[in-house]
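This report concerns only the one structure given below.
Please treat every number below as a calculation from the coordinates, not as lab data. All values derive from a computational prediction rather than experimental measurement. Every residue, glycine among them, receives a Cβ derived from its backbone with ideal geometry; neighbour counts consider all protein chains shown.
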Amino acid sequence: LPIKYLTKYVGTGGTPKNQSSFAEVPEINWFTPGDFSGDLKIVDSSKYVTFSSVEDGDSKLYEGKSVLMIGIGATLGKVAISDRDFSCNQQINVLTCNKLINPEFLTFSLMSQLEQIKQLSNSSTIGIINQEKTKQISITVPSVEEQNKIIHFIMDNIEKFNTLINKAESAIQLMQERRTALISSAVTGKIDVRNWQHPNEAKTEFSA
């Protein structure tokens, strides 16, 4: 189904006109493409808007559990979910799901539809996908029960992959530290390498 049948709202963010709408302390997240990390959830923004700017209408407020999708530039199609109410700039399209689809399932589905998103954008210059084009994106929609099973499967495996990645990164860091320590010990004389031979040279000498 096209996304227009799976959402109760699709819109584009905006930038407040008044500089006073931006908060010096965390109030309401105002997301920009730079805040996307690649994770399923987007939690913190680099800039915030005030509650009063939302009340005045200078800042747009969007419903928590909505899906955010970057609609322009090099990171076109990048997606995430905000659990809390939020605001965002005009480079981001906001999709609020209806009862037919789980927000997490929509997010994972969009992650797999990057080629379709690029084709719908104006790729002749800089890729742009506005809210009307966003509504045209088609995805497969199983029952909500099956969606939830798929989400659990994906999340379980992502957790396993993240664990493996963390172990690999720790091993790489440990090997780098050992390499640095070895080099330091060799050049400062803590290790006597005067009689060291390359293993291949040692084998040749022994054979002779």
| Chain lengthening between residue 179 and residue 83 when straightened (0.36 nm per residue, less Cα-Cα) | 30.2 nm
| request: Output the relative contact order of the chain, whole-number percent, from Cα pairs under 8 angstrom with separation of 6+ residues. | output: 21 percent
| request: Please list the non-local residues whose amide H lies under 5 Å from the amide H of residue 66, H modeled 1.01 Å from N, same-chain partners needing a gap of 5 or more. | output: 82
| According to a simple spin-label model (label point 7 Å from Cα along Cα-to-Cβ), what is the distance in nm between residue 163 and residue 114? | 2.7 nm
| Kyte-Doolittle mean at least -1.0 and Cα axial length at least 18 Å: DSSP H helices in the chain | 144-187
| said: Give the separation of the Cα centroids, the stretch 15-42 to the stretch 74-136, in Å. | reply: 17 Å
| said: Take the residue pairs 4/160; 17/41; 78/99 and return only those whose Cα atoms are more than 31 Å apart. | reply: 4/160
| request: Compare 162, 93, 102 in a GNM of the chain, Cα atoms joined below 10 Å, and give the one with the largest fluctuation. | output: 162
| query | Here are several values of mean projected area of the Cα convex hull in nm²: (1) 11.1; (2) 32.3; (3) 20.7. Which one was derived from the coordinates shown? | reply | (3)
| task | Among 182, 114, 61, determine the one that fluctuates most according to a GNM of the chain built with springs between C-alpha atoms less than 10 Å apart. | result | 182
| task | Report the residue, chosen from 101, 165, 92, that carries the largest GNM mean-square fluctuation when the chain is represented by alpha-carbon nodes joined by springs under 10 Å. | result | 165
| task | Mind checking the stretch 126-208 for trypsin sites (Lys or Arg not before Pro) that DSSP puts in a loop (not H, G, I, E or B) and that have at most 16 other Cβ atoms within 10 Å? | result | 190, 194
